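Colleague: Please see the structure below; I have some questions.
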Amino acid sequence: MSEARFESLLDTAADGIIVIDELGRILAFNKSCEALFGFTAVEAVGQNVKLIMPPSYADAHDGYMENYRRTGHRKIIGIGREVAGRHKDGTVFPIELSVGEAATSEGRQFIGVLRDLRQRKAVELRVSQLQAQIMHMTRLSAMDEMGAAMAHELNQPLTALMLYMQAVIRQSRAAPAAPAGDKVLGVLEKALAEAERAAGIIQRMRQMVEKREPERTRIDLHDLVDEVIDLSDFVAQGSTVTIRRSYRDKHKVVDVDPIQIQQIIVNLLRNAVEVAKDSAGRWVEVDIGGDERVATVSISDSGPGLSPEAAQTLFRTFTTTKKSGMGLGLAISRSIAQNHGGDLSALPGGDGRGATFTLSLPIGDGARARRDEDTKG
Amino acid sequence: MIVEDDPAVADALQALLVGAGHDATVRSSAESLFSSAPPRGGDTVIVDLGLPGIGGAVLVAWLSALADPPRIIVISGKSSLTIERETRHLRPVQVLRKPPSADWLEAMTTASPPH
């Protein structure tokens, strides 16, 4: 394939890609690099790569390359690191750089992949500002993300396991009468190790999700819910969704683990706000009610409601209607509620009405009595 | 040649290929492939899309650009949308998803090389 064809392939990559020769001369400079550094490929190709480095890096770069040519000692090749780049207008900004080295018929080439870190840095800063305030309440969201990461992690041992089994089956089919030799046994042992690796991942996940005995405190549900709404308002600054409070009784004292219950409410509120955001009404209503035995927190939204199919699988793990997440949030929320002797249920709405999620919790000593009974049983 | 950073997946794939009588070497990254003699026309390179450092898509583009390019098979555990996005701009390549939904060896040996 021609050099021109290679460059046209690189031009469609989202990352900046640059190819230099062993003297540091730019051989290829893709479209993303043009956007990143403000130089056109025509301006950049043929120039020394120092063109896109701040002076502090540029001065040292020739030395690095010369040192590598002489000693073979690598400072960056095959490692990747965060470095600084310089735009045509002089702006210096952080980039992530990975460098590979290839021997070609035209001599040694270095291929660099560059990613702009500015946006990520800004997001990191914003996240760390908010993290301190919301950390203990966003555990559910973290679990959801962790679930996605774990599914990804499970993929590797599962792939290896299946490939090992495919290899064994093929070998056994080729010589069905032959006894399983050391080679087949070796593959089977490795397959078992991969199955154990997958089991270990499931084990970790189970430990994270498994029921923890609530650390109960007697608390007024109003105070608890108010705190969550105030926090959600703070986190969602600039959001156009209004959160209304509708509290029917003055006090609702419950005996619960406040952090766990707040996690449920944060999760429900976040879901409701997300749905309401795209609706005409743009409101979420939080209602506290119940009777002398049960306290309820209901969260309704102005969204379109849930489809019957979605409503049926709502509390199932790994079921989600959202683009991100694994659908662990509602399943864990319900398990926390039930662990308190309560429950979490949903009215799907539809036909112009939004969904309503209701968290019910036993009032006062009811929870304790029920738990004692459970212990006896 | 297998370019895959997960040692178990690489080893299992190698076991499958060697068991079927193929020569199969393993590289754990694009960088380590670059440091050896480049593959040739008669070779097949199996590339994991999610390589650390220089990613699988860049490696595939580089391999495709060689004067005598090898046959390339992409393997990936990423979502179909991500795979589509990352390979959209490449020359058409065969993609196998992790975990395997069918016998990979069969899929690799029966499919015709991309043009």
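The values are calculated or read from the model by the stated rules, or taken from the named source; none is laboratory data. Model, not experiment: these values are computed from the prediction. Every residue, glycine among them, receives a Cβ derived from its backbone with ideal geometry; neighbour counts consider all protein chains shown. To get the accessible areas, we keep the full protein, side chains included, count just its heavy atoms, and leave off ligands, DNA and RNA. Shrake-Rupley method; radii C 1.70, N 1.55, O 1.52, S 1.80 Å.
Colleague: Could you tell me whether B:ALA8 is without any contact (Cβ under 8 Å) to a residue 40 or more places away in the chain, within 11 Å of chain A (Cβ to nearest Cβ), surrounded by 20 or more Cβ atoms within 10 Å (Cβ to Cβ) and more than 13 Å from the chain's Cα centre (by Cα)?
Modeller: When the stated conditions are applied, B:ALA8 passes them.
Colleague: Take the range A:82-101 and flag every residue that is of a type outside the set (D, E, K, R) and assigned to a loop (DSSP other than H, G, I, E, B).
Modeller: Result: A:HIS87, A:GLY90, A:THR91.
Colleague: Is it the case that the range A:20-28 has a residue that's open to solvent by 40 Å² or more (accessible area, probe 1.4 Å), part of a loop (DSSP other than H, G, I, E, B) and farther than 27 Å from B:SER28 by Cα?
Modeller: yes
Colleague: When the residues of the range B:30-58 are filtered to those that are open to solvent by less than 30 Å² (accessible area, probe 1.4 Å) and touching a Pro at 6+ places or on another chain (Cβ under 6 Å), which remaining residue is farthest from A:GLU101 (Cα to Cα)?
Modeller: Here the residue is B:VAL45.
Colleague: In the range B:59-88, what count of residues is obtained for those that are open to solvent by 40 Å² or more (accessible area, probe 1.4 Å) and in contact (Cβ under 8 Å) with a residue 12 or more places away in the chain?
Modeller: Qualifying residue count for the region: 5.
Colleague: Next question, about the same structure. Within the range A:335-365, can you find the residues that are aliphatic (A, V, I, L, M) and in a loop (DSSP other than H, G, I, E, B)?
Modeller: A:ALA355
Colleague: Of the conditions (1) within 14 Å of chain B (Cβ to nearest Cβ); (2) among the charged types (D, E, K, R); (3) in contact with a helix residue (DSSP H, G or I) (Cβ under 7 Å, 6 or more places away or on another chain), A:ARG81 clears all except one; give me its number.
Modeller: (3)
Colleague: For the range A:292-302, check the following and say yes or no: at least one residue is at pLDDT below 90, on the phi > 0 side of the Ramachandran plot and not in a helix (DSSP H, G or I).
Modeller: No, the range A:292-302 has no match at all.
Colleague: Which residue, of A:VAL113, A:VAL99, is modelled with pLDDT of 80 or more, open to solvent by less than 40 Å² (accessible area, probe 1.4 Å), within 30 Å of B:ARG40 (Cα to Cα) and touching a helix residue (DSSP H, G or I) at 6+ places or on another chain (Cβ under 7 Å)?
Modeller: Of A:VAL113, A:VAL99, the one residue that is modelled with pLDDT of 80 or more, open to solvent by less than 40 Å² (accessible area, probe 1.4 Å), within 30 Å of B:ARG40 (Cα to Cα) and touching a helix residue (DSSP H, G or I) at 6+ places or on another chain (Cβ under 7 Å) is A:VAL113.
Colleague: Let me ask something else about it. Which count do you get for residues in the range A:14-29 that are within 14 Å of chain B (Cβ to nearest Cβ) and either over 15 Å from A:VAL99 (Cβ atoms) or touching a His at 6+ places or on another chain (Cβ under 9 Å) (or both)?
Modeller: The qualifying residues number 1.
Colleague: Do we have B:ALA37 as among the aliphatic types (A, V, I, L, M) and under 13 Å from the mean Cα position of the chain (by Cα) here?
Modeller: Here the answer is no, as B:ALA37 does not meet what is asked.
Colleague: Further, regarding this structure: If you take the residues of the range A:321-343 that are among the hydroxyl-bearing types (Ser, Thr, Tyr) and surrounded by fewer than 15 Cβ atoms within 10 Å (Cβ to Cβ), which of them is modelled with the lowest pLDDT?
Modeller: A:SER324
Colleague: Read through the list (1) at pLDDT below 85; (2) in contact with a Phe, Trp or Tyr (Cβ under 7 Å, 6 or more places away or on another chain); (3) open to solvent by 30 Å² or more (accessible area, probe 1.4 Å), then give the number of the only condition that A:ALA346 fails.
Modeller: (1)
Colleague: Residue by residue through the range A:166-185, note down the ones that are more than 9 Å from every other protein chain (Cβ to nearest Cβ) and open to solvent by less than 80 Å² (accessible area, probe 1.4 Å).
Modeller: Once the filter is applied, which keeps residues that are more than 9 Å from every other protein chain (Cβ to nearest Cβ) and open to solvent by less than 80 Å² (accessible area, probe 1.4 Å), the range A:166-185 yields A:SER172, A:ALA175, A:ALA178, A:ALA180, A:GLY181, A:VAL184.
Colleague: Quick check on the range A:29-53: of everything there that is among the aliphatic types (A, V, I, L, M) and more than 36 Å from the chain's Cα centre (by Cα), which residue is least open to solvent (accessible area, probe 1.4 Å)?
Modeller: Per the criteria, the residue is A:ALA44.
Colleague: Restricting attention to the range B:12-40, which residues are touching a Lys or Arg at 6+ places or on another chain (Cβ under 7 Å) and more than 7 Å from chain A (Cβ to nearest Cβ)?
Modeller: Passing the criteria: only B:LEU33.
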